[in-house]
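Here's the structure, in structure tokens; my notes come after.
The values are calculated or read from the model by the stated rules, or taken from the named source; none is laboratory data. Predicted model, so just to flag it, every value in this text is computed and none were measured. Using ideal geometry, Cβ is built from the backbone for each residue, glycine included, and neighbour counts are taken over all protein chains shown.
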Amino acid sequence: GLLLTAPTLVLGQAAPVPVAGNPIIKDKYTADPAALVHKGTVYLYAGHDEAPAPEQRYVMHEWLCYSSQDMVHWKEHPSPLNVKAFAWAKDDAWASQVIERGGKFYWYAAVEHGSIPGKSIGVAVSDSPTGPFKDARGSALITNNMTESKISWDDIDPTVFIDDKGQAYLYWGNTNCYWAKLKPNMTELDGPINKVSNLPGFTEAPWVHQHNGWYYLSYAYQFPEKLAYAMSRSIEGPWEFKGLLNEVAGNSNTNHQAIIDFKGRSYFIYHNGSIPTDGGSFRRSVCVDYLYYNKDGTIKRVQMTTE
Ligand code: FUB
């Protein structure tokens, strides 16, 4: 975590008082973090884990939104999106990501489809990063086709990226990592669905970002999940596997990351099951740690902290 110390008067002495630590949200269970940097503010979006203890299943109906100017103090906003906003969806507010284009905010999210078995990806839109968001299409953007993996949950975990030329890309997947171009309207695919090959141990949770001329594709690796990453000079690959980013994150089988640069530092945002008593794979919590790059662009292993 990121410890900010504030001077406090204790028996006449100024003592450092930690005002934030991991997990960064302690009054709700939060999972699958995605972050957006917009106009000097970080917006954190997360699924809301609501399974009552000791149930071992996902109960997720809505996404939560927090904002911060310093990555330490977080303000909660009213939930900007619920699965009910997608009239065609049944339930399951799974992993998602929000991106800005032309003053509008597009939120890509995996949900359980109401009539097509399995998971689909929808897109919601808003004029504000804190919503409210409404369904941008009235139908799923990606529906489960089961052609490749024969599983009904391979169309999950969307990550979205706009390159320097303005071309938008969606990456997503479980077991297989898929990608496709998006039209400038951000609500339609522009071309075929492609598959990334050569990603050792790919389970799910792709996240695409750019840093100093390199593209990074990080993802959940094996199961229980660690996080690993690949690098490329092109957003369309080929991707070269570079190794692990972290270990299995305490007490959670899943591990899901967002990576951002903000005010001159790089951050690794992920979840674990570290809240005492009830925390675990179905009651997860978002954490933040610093991320460090080597001179050659590779990323140092993240030191996950509990404070
Ligand atoms: O939160 C539900 C699912 O668990 C996500 O879509 C996966 O990435 C894993 O975190």
Report whether or not residue 71 is within 15 Å of the ligand (Cβ to nearest atom), hydrophobic (A, V, I, L, M, F, W, C) and either within 29 Å of residue 265 (Cβ to Cβ) or not in a strand (DSSP E or B) (or both).
no
Collect the residues in the stretch 230-255 that are polar (S, T, N, Q) and either within 18 Å of the chain's Cα centre (by Cα) or closer than 17 Å to residue 270 by Cα (or both), keeping them in residue-number order.
246, 251, 252, 253, 254, 255
Can you spot a residue in the stretch 138-146 that is closer than 30 Å to residue 289 by Cβ and more than 15 Å from the ligand (Cβ to nearest atom)?
no
Subset tally (residues that are surrounded by fewer than 22 Cβ atoms within 10 Å (Cβ to Cβ) and either in a loop (DSSP other than H, G, I, E, B) or more than 16 Å from the ligand (Cβ to nearest atom) (or both)) for the stretch 54-65:
7
Please verify whether residue 15 is at pLDDT 95 or above and touching a strand residue (DSSP E or B) at 6+ places or on another chain (Cβ under 8 Å), treating the condition exactly as stated.
no
Where in the stretch 176-287 are the strands (runs of 3 or more DSSP E), entirely inside, with at least 1 residues that are away from the ligand (no atom under 16 Å from the Cβ) and under 30 Å from residue 150 (Cβ atoms)?
177-182, 194-196, 214-221, 226-232, 240-246
The stretch 210-243, subset closer than 19 Å to residue 168 by Cβ and aliphatic (A, V, I, L, M), residue surrounded by the most Cβ atoms within 10 Å (Cβ to Cβ):
217
